[in-house]
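The structure under discussion appears below in the form of structure tokens.
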Amino acid sequence: MRPNLKAVLAGATILVSANTAFADTWRYAHEEAATEVQGVFAQKFKEEIEANSDHEVQLFPFGTLGESADIMEQAQAGILQFVNQSPGFTGALIPEAQVFFVPYLLPQNENTLQEFFTNSVAINEMFPELYAEQGLELMTMYPEGEVCMTTQEPVRSPADLDGVKFRVMTNPLLVESYAAFGATPTPLPWGEVYGALQTGIIQGQENPRFFLDSTKMYEVTDVITCIGHNNFTTAMMANKDFFDGLGEEDQELIQNATDAAFEYILGYQQELGEKSFDNILKAKPEMEINILSEEERKPFMATSEPVEAAFIEMAGERGEKILNQLKADLKAAEGATE
Ligand code: 6CS
């Protein structure tokens, strides 16, 4: 059942007025639990804002205000001042952001990946203009870790995905990508995934390593397969009217808090990802974890070209420009971390 937004926000208002130490309250919703990567990013942002100003940041983790699509609507409407939403749910709004689902585009080397997210011209200069058209001030994008699949049966080649109803985020290019991998892509909001796996409506899904552990995907699937095809990208943004209406000092405060949270989360998500498979095997020793070899990855890698073409078809000239800039940024990041 959807939470009653008015009731939640009324509660928030009472809390604010009870605490006279803060000048005002900024509401920030994200798509994960408080202890997961987006939650830790948000907590760091809150701490920075509150330590350096008289503003309060109130956090709304996954589920408290609805699904990803709901919190985005609320941020666009100005009910929320901040929102963390992954490009996986922004396909209809900002088709160009689907570029993050072209398989094998992002590097697997963590240093190169972090260098890319820090200095990318596409992320820091081009994407903000596209988000602005949707009433959003893009504050940053950051990685959440290597994406792997969980399924009921082993996946060694695209043929093993034949007939597998595979949940993807509600994103047309992800649908395209999993169709190219040989599966039957099934877009669903996150809140429906565990139950759909449990009841057999779907037989697979993908997510970053830490999330497979924290959301206990091993309880409802038996095999993890990593093919090195992607790293989970997410985005944090503010309502643009709210941000534009602030004084320079507050805008700088928000940028500094974002930068601090970004710096912190790079190392945090890396560590979390590294521990996740050990945690999963402790909880379920019979879980099968397969890291496919270079040879086994080849047929999956062959899909990157047609999926890239599908991206350009969907995102047009502007999408192609972003893709080219992103490739240039990745080359520069590789050069800087060789
Ligand atoms: O798969 C999803 O829908 C979710 N995955 C992550 C890692 N974060 C939030 C998102 O809703």
**Asked** Assuming C226 fulfils every condition listed in (1) within 16 Å of the ligand (Cβ to nearest atom); (2) at positive phi apart from one, which condition is it?
**Response** (2)
**Message:** Could you tell me how many of the residues in region 290-338 are among the aliphatic types (A, V, I, L, M), free of Cβ contacts under 8 Å to residues at least 40 places away in the same chain and not in a helix (DSSP H, G or I)?
**Reply:** 1
**Request:** Could you please find all residues in region 59-77 being open to solvent by less than 30 Å² (accessible area, probe 1.4 Å) and out of contact with any Asp or Glu (no Cβ under 6 Å at 6 or more places or on another chain)?
**Result:** F60, L65, G66, D70, I71, M72, Q74, A75
**Complete:** Counting only strands (runs of 3 or more DSSP E) entirely within region 50-167, those with at least 2 residues that are hydroxyl-bearing (S, T, Y) and within 15 Å of the chain's Cα centre (by Cα) are 136-151
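Could you tell me whether P103 is touching a helix residue (DSSP H, G or I) at 6+ places or on another chain (Cβ under 8 Å) and open to solvent by 10 Å² or more (accessible area, probe 1.4 Å)?
no
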**Asked** Going through region 206-265 one residue at a time, which ones are open to solvent by less than 30 Å² (accessible area, probe 1.4 Å), over 26 Å from L136 (Cβ atoms) and of a type in the set (S, T, Y)?
**Response** T215, Y218, T221, T225
**Asked** Going through region 108-131 one residue at a time, which ones are farther than 30 Å from S293 by Cα, touching a residue at least 40 places away in the same chain (Cβ under 8 Å) and surrounded by 15 or more Cβ atoms within 10 Å (Cβ to Cβ)?
**Response** A122, I123, M126, F127, L130, Y131
**Item:** Meets criteria (modelled with pLDDT of 95 or more, over 30 Å from V223 (Cβ atoms) and among the polar types (S, T, N, Q)) for N109
**Value:** no
**Asked** Which ones in region 148-175 are free of Cβ contacts under 8 Å to residues at least 24 places away in the same chain and open to solvent by 50 Å² or more (accessible area, probe 1.4 Å)?
**Response** A159, D160, D162, G163
**Request:** Would you mind telling me which numbered condition in (1) of a type outside the set (S, T, Y); (2) open to solvent by less than 50 Å² (accessible area, probe 1.4 Å); (3) in a helix (DSSP H, G or I); (4) closer than 23 Å to P143 by Cα K275 fails?
**Result:** (2)
**Item:** Residues within region 89-100 that are within 16 Å of the ligand (Cβ to nearest atom), out of contact with any strand residue (DSSP E or B) (no Cβ under 6 Å at 6 or more places or on another chain) and open to solvent by less than 10 Å² (accessible area, probe 1.4 Å), tallied
**Value:** 4
**Message:** Condition first: open to solvent by less than 70 Å² (accessible area, probe 1.4 Å), part of a helix (DSSP H, G or I) and in contact with a helix residue (DSSP H, G or I) (Cβ under 6 Å, 6 or more places away or on another chain). Can you find one or more residues in region 279-288 that meet it?
**Reply:** yes
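The values are calculated or read from the model by the stated rules, or taken from the named source; none is laboratory data. As the structure is a prediction and not an experimental result, all values here were calculated from the model. In this analysis, Cβ positions are derived from the backbone assuming ideal geometry, glycine residues included, and neighbour counts consider all displayed protein chains. The area values use the complete protein model at the heavy-atom level, side chains included, leaving out ligands, DNA and RNA. Shrake-Rupley method; radii C 1.70, N 1.55, O 1.52, S 1.80 Å.
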